[in-house]
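Enquirer: Before we start, here is the structure in question, set down as structure tokens.
Taken together, the values in this text are just the output of simple stated rules run on the coordinates, not laboratory data. As the structure is a computational prediction, the values presented were derived from the model and not from experiment. Note: ideal-geometry Cβ built from the backbone for every residue, glycine included; neighbour counts use all protein chains shown.
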Amino acid sequence: MDTGQCVHCGLCLSACPTYQVTGLEAESPRGRIFLLERLQDDPSVLNDNAMRALDDCLDCRACEEVCPAHVGTGHLVEAWRAEAAPLLMERGPEAMKQFRRMTRPMGFFLGSPQGLRWLQRMARVMQKPGIGRWISRLKFVPASAQGLARGLPKQIPHRLSRTVKPRPLSHPRGRAMLFSGCIMDAIYAETNWHTQDLLELGGLEVTVPEQQRCCGALHLHGGDPDQARRWAMENIIAFEQSGAATVVVNAAGCGSTLKEYAELFRGDPNWEPRARRFEEAVEDATAILARLDLPALPSSEDPITLQDPCHLSHGQGIRQEPRQLLMRAGYRIQEMKDSDRCCGSAGIYNLTHPEMAQALLHRKVQDIPAGVQWVAAANPGCLMHMQSGLSDNPRAPEVVHPIDLVWTAYRDAGQIGGTS
Ligand code: SF4
Ligand code: SF4
């Protein structure tokens with residue numbers, strides 16, 4: 001994949017969220033490819049505007065899906081960020097530096113079970129009545145982080161999902177490893193338990209290895225592929241030791257990264273083939289559950305809508321499977337306009353680029369069809385970001401993971417027990 005593949009046709013422009021908001025060529029995929037091409041010939045063109053245009057890319061991959069020449073703009077920007085990391089730390093826009101400063105402490109919180117337990121405790125504290133107001137008075141806490149706190153789910157569990165013991169089934173159809181993730185494990189552990197219950201309903205035995213790590217997406221997107229590689233190795237080992245044939249993941253961003261692990265080890269004779277076997281085993285939870293033929297439930301009248309996370313729709317080409325699964329569980333779907341347009345979450349983009357993230361969130365909230373009871377989104381970042389955008393309106397729909405909706409329908413139908 002290289003910039004030379006671009007034929008400058010401009011078909012990607014209308015798909016790019018940053019171009020839609022600004023109308024600027026530099027903030028479009030074609031503009032970014034043009035900049036990357038010029039940088040190869042003459043590094044001195046990297047002025048502040050050029051850096052900002054490359055930094056503003058959401059890595060949402062919408063442009064890659066529509067490009068007739070198969071140019072991987074998101075991938076190319078990501079590769080450039082990794083290469084230019086030292087220079088960006090010195091001269092980059094403040095948001096870019098902020099991101100890199102944040103990746104170190106994030107490594108502690110996201111990379112170990114102890115760090116995740118701390119994250120879980122902090123999230124519970126943020127939810128206590130009055131604490132949010134007190135935090136909002138602290139000058140060093142950016143407004144964007146306060147906004148994110150408003151998007152936290154109502155219940156945050158007291159334990160991680162990876163502590164669940166495998167439950168043997170009498171006649172299993174196979175064994176799956178549940179990739180528990182980092183934010184999913186700490187903040188949305190219930191969704192992981194629900195995923196396990198549904199996979200078991202479909203006949204799969206589920207293991208949730210303790211030693212697995214964060215997928216590395218945030219570090220990879222922020223230009224730190226070494227950390228992403230270290231965690232990838234641990235995830236590959238956890239899978240090899242699990243005895244599972246499939247790695248099931250319910251977070252779109254993680255799934256997209258896990259499916260590209262071989263690229264991280266390109267040219268490494270030991271790790272590349274192991275990473276390839278791993279990525280070939282990765283399946284999105286809604287896709288595998290749609291295939292497992294869960295019992296069809298009677299239709300309900302409650303309408304829901306879906307937000308298609310970028311890394312599920314553009315990144316993995318998965319759009320129909322969550323809809324099939326939800327309809328099988330009896331839900332009626334009312335489609336949202338441009339449901340695969342980025343909501344502005346994009347990892348921690350909403351923290352480092354609050355203005356663009358809020359502009360995209362505002363457009364997204366306007367597009368939610370009137371009268372729906374829930375907005376389903378299969379990615380933790382989208383869940384929190386969109387919930388924060390609706391938190392001021394008591395009549396707004398709740399933003400939930402589609403797995404939670406499906407689990408609730410099967411629990412209410414008596415097909416599965418209570419919370420794991
Ligand atoms: S990136 Fe693709 S769609 Fe965009 S201008 Fe280049 S060739 Fe055309
Ligand atoms: S990855 Fe997204 S934000 Fe970046 S250039 Fe492509 S469409 Fe635009």
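Enquirer: In a GNM of the chain with a 10 Å cut-off on Cα contacts, which of Pro168, Pro225, Pro17 has the highest mean-square fluctuation?
Expert: Pro168
Enquirer: Let me ask you something else. When the chain is fully extended, how far beyond the present Cα-Cα distance does Arg319 get from Arg395, taking 0.36 nm per residue of separation?
Expert: Taking 0.36 nm per residue and subtracting the Cα distance, the gain is 24.6 nm.
Enquirer: Now for a separate question. Give me the dipole magnitude in Debye, nearest 20, for segment 293-412 about the Cα centre, with unit charges on the beta carbon: positive for Lys and Arg, negative for Asp and Glu.
Expert: Using only the charged Cβ atoms, the result is roughly 100 debye.
Enquirer: Given Cβ point charges of +1 (Lys, Arg) and -1 (Asp, Glu) and nothing else, what value in debye, to the nearest 20, does the dipole of segment 154-241 about its Cα centre take?
Expert: Using only the charged Cβ atoms, the result is roughly 140 debye.
Enquirer: Can I ask one more? Using only Cα atoms, tell me the angle between helix 402-412 and the longest principal axis of the chain; keep it within 0 to 90° and round to the nearest 10.
Expert: 10
Enquirer: Relative to the longest principal axis of the chain, what angle (0 to 90°, nearest 10) does the C-alpha long axis of helix 73-83 take?
Expert: 70
Enquirer: Please give, to one decimal in nm, the separation of the simple spin-label points placed at Lys154 and Arg167, each 7 Å out from Cα toward the Cβ.
Expert: Placing both labels 7 Å beyond Cα along the Cβ direction yields 2.4 nm.
Enquirer: Going by how many other Cβ atoms sit within 10 Å of their own, how do Arg230, Arg30 line up, fewest first?
Expert: Ascending number of Cβ neighbours within 10 Å: Arg230, Arg30.
Enquirer: Further question: Pairs of Cα atoms under 8 Å, at least six residues apart: use those to get the relative contact order of segment 293-412, whole percent.
Expert: Relative contact order here is 30 percent.
Enquirer: Length gain on complete extension for the stretch Thr22 to Arg291, per 0.36 nm per residue less the alpha carbon to alpha carbon distance?
Expert: 92.7 nm
Enquirer: Spelling out what I want: for every residue of segment 106-116, take phi, set θ = phi - 60°, compute 6.51 cos²θ - 1.76 cosθ + 1.60 (Karplus), and round to whole Hz; glycine and proline get x.
Expert: 3J(HN,Hα) across segment 106-116, in whole Hz: 4, x, 5, 5, 8, x, 8, x, 4, x, 5.
Enquirer: Let me know the charge dipole size of the chain about its Cα centre in debye, to the nearest 20, where only the beta-carbon of Lys, Arg (+1) and Asp, Glu (-1) is charged.
Expert: For this selection, approximately 1500 debye.
Enquirer: Which aspartates and glutamates, if any, have their Cα less than 12 Å from the Cα of Lys154, not counting same-chain residues under 8 positions apart?
Expert: Glu190, Glu398
Enquirer: Please list the non-local residues whose amide H lies under 5 Å from the amide H of Ala376, H modeled 1.01 Å from N, same-chain partners needing a gap of 5 or more.
Expert: When sequence neighbours closer than 5 places are left aside, the close amide H contacts are Thr305, Leu306, Gln307, Val400.
Enquirer: Tell me the label-point distance for the pair Ile333, Asp41, using the 7 Å Cα-to-Cβ offset, in nm and rounded to one decimal.
Expert: Going by the 7 Å Cα→Cβ label model, 4.6 nm.
Enquirer: What is the Rg over Rh value, at two decimals, for segment 193-268, using alpha-carbon atoms and the Kirkwood definition of Rh?
Expert: Working: Rg = 13.4 Å, Rh = 13.4 Å.
Here Rg/Rh amounts to 1.00.
Enquirer: Please state, as a whole number in µm²/s, the translational diffusion coefficient that the Stokes-Einstein equation yields for segment 293-412 at 25 °C and 0.890 mPa s, with Rh defined as the Kirkwood radius across alpha carbon pairs.
Expert: Values: Rh = 14.6 Å.
Here the translational diffusion coefficient equals 168 µm²/s.
Enquirer: Give me D for the chain in µm² s⁻¹, whole number, from Stokes-Einstein with Rh from the Kirkwood sum over alpha-carbon pairs, 37 °C and 0.692 mPa s. Kindly include the intermediate steps, with their values, before the conclusion.
Expert: Numbers: Rh = 22.0 Å.
Translational D for this selection: 149 µm²/s.
Enquirer: Stretched out fully, how many nm does the piece from Phe108 to Glu210 gain, at 0.36 nm a residue minus the Cα gap?
Expert: Full-extension gain reported as 35.1 nm.
Enquirer: Just to confirm the number: angle between the C-alpha axis of helix 271-281 and the first principal axis of the chain, 0 to 90 degrees, nearest 10?
Expert: Its long axis makes an angle of about 50 degrees.
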